[in-house]
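The values are calculated or read from the model by the stated rules, or taken from the named source; none is laboratory data. These numbers were taken from a predicted model, which means no experiment stands behind them. Because the Cβ atoms are built from the backbone with ideal geometry, glycine has one as well, and the counts that use them run over all protein chains shown.
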Amino acid sequence: MKKKIIIANWKMNHDFHKTTSFLRNFLKIVLEKKINHNKEIIIAPSFPFLHISNQILQGTNLKIAAQNIHQMKNGSYTGEVSASMLKSIGISQVILGHSERRKFFLENNDILLKKIKIALKYGLHIILCVGETGFERNQNQQFNVIKNQLVETVFNCSADDIIFFHIAYEPVWAIGTGKNATYKQAQTMHEYIRSLFLNKYGKNISNEISILYGGSISNLNARNFFLQKDIDGGLVGNCSLELDKFLEIIQS
Ligand code: 13P
């Protein structure tokens, strides 16, 4: 059976103290209760705390992800962080294409493809986010939007590279709103995404690619998402900031 994948995206939350104390407490409980068995758990803290976070989790199967990288290898890009920098501190995962990056930092699919290429060059695993806005769903454009986001980014990669990807379907209207997609809406989109991988890369890859749902996942609704046939896990924002809720989500 495929491992379920639970990812905490902390966004711009938790300072040094909160990050390290959360991770130490989390690790203690995870090891005591062995709740990481048969699951892939990834936490994405802010850039300044990636190194210490990675050190805290060293020797476990828990992983740390960055929330972004710059598309260039290095150079005069004040304030930016490169894939090679992450690699040099032992980070192996990166979230790319989050809708907040698309909206607030104007990342389009062209930029995203460059980020994907440089991430792959440095052997980083990519959690690639896709999702439609509320307006696009109201216009019944959600399937076209998601297809386009995939065609212009990950579908430019070779079959050998797909092993480096998890896809996260995050409807923009469900992020941070408390208004999650219904289980049926999510399952339908996940099935569609899998069918696109089937057409592009064939059966093995489409079966193996993990497709996560994100958007107002909580300790109360996580289980029902994870029971859906094509939902392989979750990308959790707000509810990953509180240890108790996040533990409950993992145990769902
Ligand atoms: P919320 O769980 O807060 O809706 O955030 C989802 C998200 O954006 C994860 O990347």
Given (1) free of Cβ contacts under 8 Å to residues at least 24 places away in the same chain; (2) within 16 Å of the ligand (Cβ to nearest atom), where does TYR169 come up short, assuming only one miss? (1)
If you check ASN219, ASN207, ASN180, which single one turns out to be away from the ligand (no atom under 15 Å from the Cβ) and either surrounded by 21 or more Cβ atoms within 10 Å (Cβ to Cβ) or free of Cβ contacts under 8 Å to residues at least 40 places away in the same chain (or both)? ASN207
State all residues of segment 5-39 that are within 16 Å of the ligand (Cβ to nearest atom) and among the charged types (D, E, K, R); if no residue qualifies, say none. LYS11
Condition first: in contact with a His (Cβ under 9 Å, 6 or more places away or on another chain) and in a loop (DSSP other than H, G, I, E, B). Now tell me which residues in segment 80-110 satisfy that. GLU80, VAL81, SER82, ILE89, GLY90, ILE91, SER92, GLU107
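Residues are listed down the side, and each one gets a yes or a no for (1) within 22 Å of SER252 (Cβ to Cβ); (2) under 20 Å from the mean Cα position of the chain (by Cα); (3) modelled with pLDDT under 95:
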site	(1), (2), (3)
HIS14	no, yes, no
LEU23	yes, yes, no
ASN36	yes, yes, yes
ILE42	yes, yes, no
LEU50	no, yes, no
SER53	no, yes, no
Can you name the residue in segment 111-125 that is part of a helix (DSSP H, G or I) and not aliphatic (A, V, I, L, M) and is also nearest to the ligand (Cβ to nearest atom) among such residues? LYS115
